1. Between a first residue in segment 112-130 that is free of Cβ contacts under 8 Å to residues at least 12 places away in the same chain and a second residue that is exposed (fewer than 12 other Cβ atoms within 10 Å of the Cβ) and not in a loop (DSSP other than H, G, I, E, B), which pairs have beta carbons less than 7 Å apart while being 6 or more apart in sequence or on different chains?
2. Which of the numbered conditions does Pro110 fail, given that it passes all the others? Conditions: (1) assigned to a loop (DSSP other than H, G, I, E, B); (2) over 14 Å from the mean Cα position of the chain (by Cα); (3) within 18 Å of Lys22 (Cα to Cα).
3. Take the residues in segment 15-28 that are without any contact (Cβ under 8 Å) to a residue 40 or more places away in the chain and surrounded by fewer than 16 Cβ atoms within 10 Å (Cβ to Cβ); name whichever of them is farthest from Ser65 (Cα to Cα).
4. Looking at segment 44-67, which of the residues that are under 21 Å from Phe115 (Cα atoms) and surrounded by fewer than 13 Cβ atoms within 10 Å (Cβ to Cβ) is modelled with the highest pLDDT?
5. Taking Lys22 as the residue in question, decide whether it is at pLDDT 95 or above and over 13 Å from the mean Cα position of the chain (by Cα).
6. Is one or more of the residues making up segment 31-39 of a type in the set (Phe, Trp, Tyr), surrounded by 14 or more Cβ atoms within 10 Å (Cβ to Cβ) and either under 19 Å from Val135 (Cβ atoms) or under 12 Å from the mean Cα position of the chain (by Cα) (or both)?
7. In segment 15-49, which residues are among the hydrophobic types (A, V, I, L, M, F, W, C), more than 14 Å from Ile93 (Cα to Cα) and part of a helix (DSSP H, G or I)?
8. If only one of Glu84, Glu64 is of a type in the set (Asp, Glu), under 24 Å from Ala129 (Cα atoms) and either touching a Lys or Arg at 6+ places or on another chain (Cβ under 6 Å) or assigned to a strand (DSSP E or B) (or both), which one is it?
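The values are calculated or read from the model by the stated rules, or taken from the named source; none is laboratory data. Source: prediction; values computed, not measured. Reconstructed Cβ throughout: ideal geometry from the backbone, glycine too, with neighbour counts over all protein chains shown.
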Amino acid sequence: MIEGGCLCGAIRIKSTGEIQGKALCHCLDCRKITGSLFSTNVIVPADGFSVTKGTPKQFAKTAESGKTITSSLCGDCGTTLWRETESYAGAKILKVGAFDHLSALEEAKPLVELFTKNRPSWQQPIPGADQKETV
C-alpha cells in the first residue's frame, strides 16, 4: 500500500493496487510541474486508488506526447500528487515525492527513463533502467 499527501496536509491519497510501472520522466511538463529536472512516478490501477482527505484541484493540458494530461494538485500548497492520460487509461500516475514512507520510495526505483532527449548532459542515466527518447 502507498500513502501520501501534499506539503500542507490538505490532500491525502492512498493506493492499494500493485505498481504497474516505475518511470522517471524528463519531459518539459514534468520538469515544470515539479520545479526540478524530472519527475519520478509509479503507475497504479485507478480502481485501487483513493483520495482519503480533501478535494484536489485539476489542471489539463496537451502534453509533449500530443495527448491530454490532467494533473491533480493541492489548491493550497500546489503539490502535484498524480496525473492521468489516455496513454495510461485506467491508471493513475503517482508522483513519488508525495509518498510518506521511505519504503515506498525504495520500491519506486525507476525501471525506465522517458524523454531522455531532454536530460541534461551532466545528469547520469539510472543504472539498469531502460532509456527512451520519448514515451
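1. Nothing qualifies.
2. Result: Pro110 fails condition (2) only.
3. This residue is Thr16.
4. Ala60
5. no
6. Taking segment 31-39 and keeping what is of a type in the set (Phe, Trp, Tyr), we get 38.
So of that shortlist, the ones also surrounded by 14 or more Cβ atoms within 10 Å (Cβ to Cβ) come out as 38.
From what's left, either under 19 Å from Val135 (Cβ atoms) or under 12 Å from the mean Cα position of the chain (by Cα) (or both): 38.
Scanning segment 31-39 turns up at least one residue that is of a type in the set (Phe, Trp, Tyr), surrounded by 14 or more Cβ atoms within 10 Å (Cβ to Cβ) and either under 19 Å from Val135 (Cβ atoms) or under 12 Å from the mean Cα position of the chain (by Cα) (or both).
7. Leu28
8. On the way: Glu64 fails: either touching a Lys or Arg at 6+ places or on another chain (Cβ under 6 Å) or assigned to a strand (DSSP E or B) (or both).
Going through Glu84, Glu64 in turn, the sole match is Glu84.
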